[in-house]
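S.K.: Provided herewith is a single structure, encoded as structure tokens, for subsequent inquiry.
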Amino acid sequence: MKRREFSIAAAAAMLAPLTPALADSYPARPVRVIVPYPPGGGTDTVARAVFERVASLMGQPFVIDNKAGAGTTIGLAELARSRPDGYTVGVGGSSDPTLPLLYEKLPFNPSTDLSFVATLATVPIVLAAGPSLPAKTMRELLAAAQTKGAAPMNYASPGTASPHHLAGIYLAEKTGLSLVHVPYKGTSQALTDLVGGHVPLAILGLPSALTFARQGKLKILGVASAQRSALAPEIPTLSESGVPGFSAGYWWHVTVPTGTPQPIIDQLRVAIDKALRTPALTESFLKSGFEPLLLSPAEAQRALTEDTAKWTKVIRENNLRGG
């Protein structure tokens with residue numbers, strides 16, 4: 001009997017119909033959601049709220065798996081090496097593309113090993129002043145800094161190379177302010193020292209600072225986003241407060257291992273977008289201090305490209321490394 005020989009192209013042609021078939025039945029079992037942060041934090045809260053609704057829409061459980069450590073790289077590395085079949089997804093952030101600049105010998109490349117699915121939410125960043133600082137507005141701070149003999153000012157952030165740290169460097173570059181970074185291990189202690197007068201300034205997420213501001217324990221000098229936040233529309237942006245064009249933010253998105261079939265990615269995106277448009281979820285997000293973020297893949301890519309270029313320049317010029 002004569003042996004048949006199949007070319008690679010012929011074999012691929014035979015297997016091609018399987019992908020739509022798999023997508024049609026997706027998801028046929030529970031889906032694992034890797035969150036590269038501990039339980040209880042902002043990323044975890046957003047992920048659980050969204051995927052609870054996605055599970056309802058898609059008819060299968062989406063199980064949160066917290067894999068924290070090493071500046072998100074442990075969880076994202078596990079996501080990158082997972083089977084690209086749609087049954088392992090992850091929650092990343094807009095700063096992910098800069099991770100190779102911050103961590104030597106990173107075992108994966110976020111830009112090539114992970115594929116974008118959908119945006120989730122954003123957390124505005126703010127510049128806050130403690131009670132020890134006389135300035136009540138950004139313009140007053142800029143004016144005081146220009147007086148003769150003005151000393152450099154310390155500012156707290158939740159950690160070295162965090163988006164908040166980078167925003168502080170960028171703010172100093174844009175304004176000429178002499179700012180000295182004081183890194184903390186998380187937001188809680190930074191807030192405690194700001195309110196206690198141990199550090200005059202801090203760059204933090206708006207939700208964590210807002211409660212203290214409304215209690216009169218600190219002053220929010222401006223929001224770092226391009227527009228005022230829906231969480232506190234009465235607070236001006238830094239751009240309209242003396243720093244034209246200033247914008248620094250952070251947002252979360254869902255990613256999957258590169259190679260995941262596009263029909264599955266599309267199904268996930270549709271379900272996530274539907275979940276984000278739920279009025280109850282929007283209300284829940286705003287109460288918790290998050291703003292839903294609905295961007296198309298093209299819009300997200302443009303935003304990610306712009307952010308990556310901006311923060312890559314800051315990281316390289318300041319020789320930063322992950323904390």
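The values are calculated or read from the model by the stated rules, or taken from the named source; none is laboratory data. If you're wondering where the values come from, they're calculated on a predicted model, not measured in any experiment. Cβ atoms come from the backbone with ideal geometry, glycine included; neighbour counts cover every protein chain shown.
S.K.: Quick check on Leu191: is it assigned to a loop (DSSP other than H, G, I, E, B) and crowded, with 16+ Cβ neighbours inside 10 Å?
M.R.: On the way: assigned to a loop (DSSP other than H, G, I, E, B): no; crowded, with 16+ Cβ neighbours inside 10 Å: yes.
No: the conditions fail for Leu191.
S.K.: Yes or no: Thr282 out of contact with any Gly (no Cβ under 8 Å at 6 or more places or on another chain), farther than 30 Å from Tyr170 by Cα and either of a type outside the set (A, V, I, L, M, F, W, C) or assigned by TED's automatic domain parsing to the domain that holds Ala209 (or both)?
M.R.: Values: out of contact with any Gly (no Cβ under 8 Å at 6 or more places or on another chain): yes; farther than 30 Å from Tyr170 by Cα: yes; either of a type outside the set (A, V, I, L, M, F, W, C) or assigned by TED's automatic domain parsing to the domain that holds Ala209 (or both): yes.
Taking the combined requirement at face value, the residue satisfies it.
S.K.: May I pose another question? Is there a residue in the stretch 87-103 that is among the charged types (D, E, K, R), closer than 30 Å to Thr187 by Cα and either in contact with a helix residue (DSSP H, G or I) (Cβ under 9 Å, 6 or more places away or on another chain) or modelled with pLDDT of 90 or more (or both)?
M.R.: Taking the stretch 87-103 first, the residues among the charged types (D, E, K, R) are 96.
Within this subset, residues satisfying the condition of being closer than 30 Å to Thr187 by Cα are 96.
With the extra rule that they be either in contact with a helix residue (DSSP H, G or I) (Cβ under 9 Å, 6 or more places away or on another chain) or modelled with pLDDT of 90 or more (or both), the set shrinks to 96.
Yes, the conditions are met somewhere in the stretch 87-103.
S.K.: Name the single residue, out of those in the stretch 134-187 being free of Cβ contacts under 8 Å to residues at least 12 places away in the same chain and under 26 Å from Glu234 (Cα atoms), that is surrounded by the fewest Cβ atoms within 10 Å (Cβ to Cβ).
M.R.: Once the filter is applied, the top-ranked residue is Pro134.
S.K.: Return yes or no: is Val243 in contact (Cβ under 8 Å) with a residue 12 or more places away in the chain, within 22 Å of Ser95 (Cα to Cα) and not small (Gly, Ala, Ser)? If you could, list the steps in order and put the result at the bottom.
M.R.: Details: in contact (Cβ under 8 Å) with a residue 12 or more places away in the chain: yes; within 22 Å of Ser95 (Cα to Cα): no; not small (Gly, Ala, Ser): yes.
Judged against the criteria, Val243 is not a match.
S.K.: Related question: For Arg321, all conditions in the list (1) over 17 Å from the mean Cα position of the chain (by Cα); (2) surrounded by 15 or more Cβ atoms within 10 Å (Cβ to Cβ) hold save one; what is the number of the exception?
M.R.: Result: Arg321 fails condition (2) only.
S.K.: List pairs: first in the stretch 47-67 and over 24 Å from Leu286 (Cα atoms), second surrounded by fewer than 20 Cβ atoms within 10 Å (Cβ to Cβ) and of a type in the set (D, E, K, R), Cβ under 6 Å, 6+ apart or cross-chain?
M.R.: Qualifying pairs under 6 Å: Asp65/Arg32; Lys67/Glu78.
S.K.: Being crowded, with 16+ Cβ neighbours inside 10 Å, hydroxyl-bearing (Ser, Thr, Tyr) and over 16 Å from the mean Cα position of the chain (by Cα) is the filter here; which residues of the stretch 97-120 pass it?
M.R.: Tyr103
S.K.: Further question on the same structure: Can you find, within the stretch 18-33, the residue that is modelled with the highest pLDDT among those that are of a type in the set (Ser, Thr, Tyr) and surrounded by 13 or more Cβ atoms within 10 Å (Cβ to Cβ)? Spell out how you get there, then give the answer.
M.R.: In the first step, residues of the stretch 18-33 are kept if they are of a type in the set (Ser, Thr, Tyr); the result is 19, 25-26.
So of that shortlist, the ones also surrounded by 13 or more Cβ atoms within 10 Å (Cβ to Cβ) come out as 19, 26.
Values: Thr19: 50, Tyr26: 97.
Residue satisfying both the conditions and the ranking: Tyr26.
S.K.: Sticking with this one: Please enumerate the residues belonging to the stretch 34-66 that are of a type in the set (D, E, K, R) and either at pLDDT 95 or above or surrounded by fewer than 16 Cβ atoms within 10 Å (Cβ to Cβ) (or both). Quick ask: steps written out before the conclusion?
M.R.: Filtering the stretch 34-66 for residues of a type in the set (D, E, K, R) gives 44, 48, 52-53, 65.
Across the stretch 34-66, the qualifying residues are Arg48, Glu52, Arg53, Asp65.
S.K.: Look at Thr175 and say whether it is in the same structural domain as Leu268 (by TED's automatic domain parsing) and either within 15 Å of Ile220 (Cα to Cα) or not small (Gly, Ala, Ser) (or both). Even if it seems obvious, please write down each step before you answer.
M.R.: Details: in the same structural domain as Leu268 (by TED's automatic domain parsing): no; either within 15 Å of Ile220 (Cα to Cα) or not small (Gly, Ala, Ser) (or both): yes.
So Thr175 does not fit the description; no.
S.K.: Let me ask another. Here are Gly222, Gly249: which of them is within 27 Å of Val89 (Cβ to Cβ) and touching a Pro at 6+ places or on another chain (Cβ under 8 Å)? Reasoning before the result, please.
M.R.: Values: Gly222 fails: within 27 Å of Val89 (Cβ to Cβ).
Just one listed residue meets the conditions, Gly249.
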